[in-house]
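Colleague: The structure under discussion is supplied below as structure tokens; questions concerning it will follow.
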Amino acid sequence: MEGTNMPYVNKPRPYKKEYQEQKARGELERRMERQRARRAIDKMYPDKNKNGEADIREGKDVAHVKALDKGGSNKNGVFIESASGNRAFKRDSKSNLVRETTKKEKGEKKLSKVVKLKK
């Protein structure tokens, strides 16, 4: 264990400080926007197996037509997409979104049933 780099071994983790940093970076706002989109989709579609998640959404992501990193919101529209398709965007060294289309989608973006949500 001597060679490993284990954080917070000798001191408690500063959760409050981490949360404040997340808010300052705007992560909180985007997370709330994603959560509102998921809840809106869950209200619109049936949940036959009663697990709290709409059946259409199980195993998939609620994707935004215009990415939140690029200034999009729920008003621009959301749609259901596979997790691998929604997370396969090119990013830079700081994990910022570079391109909103994957190499597979380049040129065409198939939006199956775009849903416009009200704020």
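Laboratory data are not the source of any read-out in this text; all were calculated from the coordinates shown. The model shown is predicted, which means the values in this text are computed figures rather than measured ones. Cβ atoms come from the backbone with ideal geometry, glycine included; neighbour counts cover every protein chain shown.
Colleague: Filter 70/116; 17/60; 23/70; 70/90 down to the pairs with a C-alpha to C-alpha distance above 22 Å, please.
Modeller: Details: 70/116 18 Å; 17/60 32 Å; 23/70 18 Å; 70/90 13 Å.
The pairs that break the limit, which is 22 Å between Cα atoms, are 17/60.
Colleague: By average Cβ neighbour count within 10 Å, what is the ranking of 17-25, 61-69 from highest down? Intermediate values should be presented prior to the final figure.
Modeller: Values: 17-25: 10.9, 61-69: 18.8.
Highest-to-lowest ranking by the protection proxy: 61-69, 17-25.
Colleague: Evaluate the relative contact order of region 1-59 (contact order divided by residue number), counting alpha-carbon pairs under 8 angstrom at least 6 apart; express in whole percent. Could the numbers behind the result be given before it?
Modeller: Details: 20 pairs, mean separation 9.3, N = 59.
Averaging sequence separation for qualifying contacts and normalising by length gives 16 percent for region 1-59.
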